[in-house]
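Since the structure comes first, as structure tokens, the remarks are kept for the end.
The values are calculated or read from the model by the stated rules, or taken from the named source; none is laboratory data. Quick caveat: nothing in here was measured; it's all calculated off a predicted structure. Cβ coordinates were reconstructed from backbone atoms using ideal geometry, including for glycine residues, and neighbour counts include every protein chain displayed. We work out accessible area using only protein heavy atoms, side chains counted, and drop any ligands, DNA or RNA first. Shrake-Rupley method; radii C 1.70, N 1.55, O 1.52, S 1.80 Å.
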Amino acid sequence: MIITFPHMGDMGIVLKSLFSNLGREVIMPPPISKKTFELGAKYSPETVCLPFKLTLGNFIEALEQGADTLATCGGVGPCRLGYYAEVQRGILQSLGYKFDMIVIEPDITDIFANLRRVTYKRSLWEVYLAFRLAIEKMNALDNIERKVSVIRPLEVNSGQSAAIRKETISAIDSVEKIADLHAVYFKAERELDNIKTRSDMDPLRIGVVGEIYVMLEPFINQNLDLRLGSMGVEIHKTMYLSDYVNGHLFRKSEYLEKFKYLAGLAQPYLGHYVGGHAIKSIAHTVDMGQENYDGIIHMFPFTCMPEVVAKNILPKVSNEKNIPVLSIAFDEQSGDAGTATRLEAFIDLLKYRRHKKAR
């Protein structure tokens with residue numbers, strides 16, 4: 001059994017750690033590239049959303065490298081994610097590939113049932129340690145990214161925080177023991193805390209809402225974090241991999257309570273579940289408007305049904321909560337120059353609004 005899985009931000013590091021420590025060989029797909037786009041788009045239904053095309057491209061590239069088992073997620077509700085696995089299975093089989101597919105549904109019992117298929121001569125204690133290390137890596141990666149997002153717009157020597165993050169990601173990928181992981185994490189925190197920052201600057205604060213795949217995969221969102229940070233903007237993503245895992249898979253009580261709170265905020269605008277993260281996109285915009293954020297960037301894949309619903313509601317939220325919202329849809333035709341122009345105009349608007357308030 002040689003396992004592979006799609007890319008989505010730093011998720012590959014977490015899954016590689018998990019499956020490797022469960023005794024299985026792992027093949028990581030090549031980094032997402034134009035070739036990945038082309039392969040996925042070539043064999044996908046024309047109007048399917050971007051994550052489907054790219055994950056299909058990931059699978060094709062990994063199968064060509066020798067993978068024979070595909071790990072992917074399922075889904076419930078109106079979002080088409082729930083159909084990805086079966087449709088992709090059929091496409092890949094029609095192309096002549098031989099493989100097994102592990103579909104992990106958003107239910108903890110299903111997770112453990114599926115993992116029995118990949119656990120190779122590992123005791124329950126070893127399985128526990130494999131899970132714990134993978135989860136600790138996930139949390140460390142997300143916490144470092146959160147910290148970098150705050151420091152990046154303030155650093156005197158541009159690029160320092162990004163360099164530390166890159167080095168830390170590599171180190172986290174390599175460690176095999178939790179004690180070593182903690183050492184790497186605390187070293188990164190110290191280095192980030194020691195970065196020289198500007199005390200005379202009050203950066204714009206922008207919340208990022210929308211679909212998780214586009215939010216977390218830098219190739220797709222055209223390195224939005226770096227781009228906005230270099231423009232002096234502090235960004236706050238409303239969803240990380242750890243949020244999805246702890247909320248949707250492990251269903252931790254604090255995440256369930258947070259969702260109830262968010263659903264209440266969204267209720268006047270969107271009172272029922274329409275799939276994906278649409279309710280959260282609306283609710284976080286309301287919440288951040290109340291927290292005096294300067295603006296919201298709403299990002300999603302072109303043709304994503306839940307986020308298209310959210311996009312058509314957000315202008316009303318923006319008007320009533322007095323917070324500007326920029327919605328950006330990404331697909332394989334999205335151009336870097338066009339995105340840059342829209343972001344620059346949006347930042348200029350937010351700076352003008354802040355200056356006007358200060359007068």
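Of note:
- Share, in percent, of DSSP beta bridges within the chain that are antiparallel, nearest 5: 5
- Mean sequence separation of contacting Cα pairs (under 8 Å, at least six apart), scaled by the length of the chain, corresponds to a relative contact order of 16 percent.
- Residue pairs, from the table K321/K356; K237/K351; K34/K147, whose Cα atoms sit over 22 Å apart: K34/K147
- Y255, Y293, Y273, reordered so the largest accessible area comes first (probe 1.4 Å): Y273, Y255, Y293
- For the peptides 241-251, 49-59, 173-183, residues were scored by their other Cβ atoms within 10 Å and the scores averaged per peptide; the highest-first order is 49-59, 241-251, 173-183.
- Charge sum, other residues only, whose C-beta stays under 12 Å from I3's C-beta, Lys/Arg counted +1 and Asp/Glu -1: 0
- Taking all protein chains as shown and a probe of 1.4 angstrom, K35 keeps an accessible surface of around 120 Å².
- Protection proxy ranking of 110-121, 20-31 - average other beta-carbon atoms within 10 Å, highest first: 20-31, 110-121
- In this view, the solvent-accessible surface of E189, computed with a 1.4 Å probe and all protein chains in place, comes to about 50 Å².
- Each of A329, A62, P45 was scored by the projection of its Cα onto the charge dipole of the chain, and the greatest displacement toward the positive side belongs to A329; charges sit on the C-beta of Lys, Arg, Asp and Glu.
- Between S158 and I2, residue separation times 0.36 nm minus the direct Cα-Cα distance comes to 52.1 nm.
- Angle between the chain longest axis and helix 160-174 axis [Cα atoms, degrees, rounded to 10]: 20
- Gain in span if fully extended, Y261 to D348, counting 0.36 nm per residue against the direct Cα distance: 28.1 nm
- From its DSSP helices (H runs of at least four residues, each -39,500 (n - 2.57)), the chain gives a residue-normalised ellipticity at 222 nm of -18000 deg cm²/dmol.
- Highest average packing first - 163-171, 302-310, Cβ atoms within 10 Å: 302-310, 163-171
- Loop-resident chymotrypsin sites (Phe, Trp or Tyr not before Pro) (DSSP state other than H, G, I, E or B) in the range 124-219 with no more than 16 further Cβ atoms inside 10 Å of their Cβ: F219.
- Accessible surface of I172, taken over heavy atoms with a 1.4 Å probe and every protein chain present, rounds to 0 Å².
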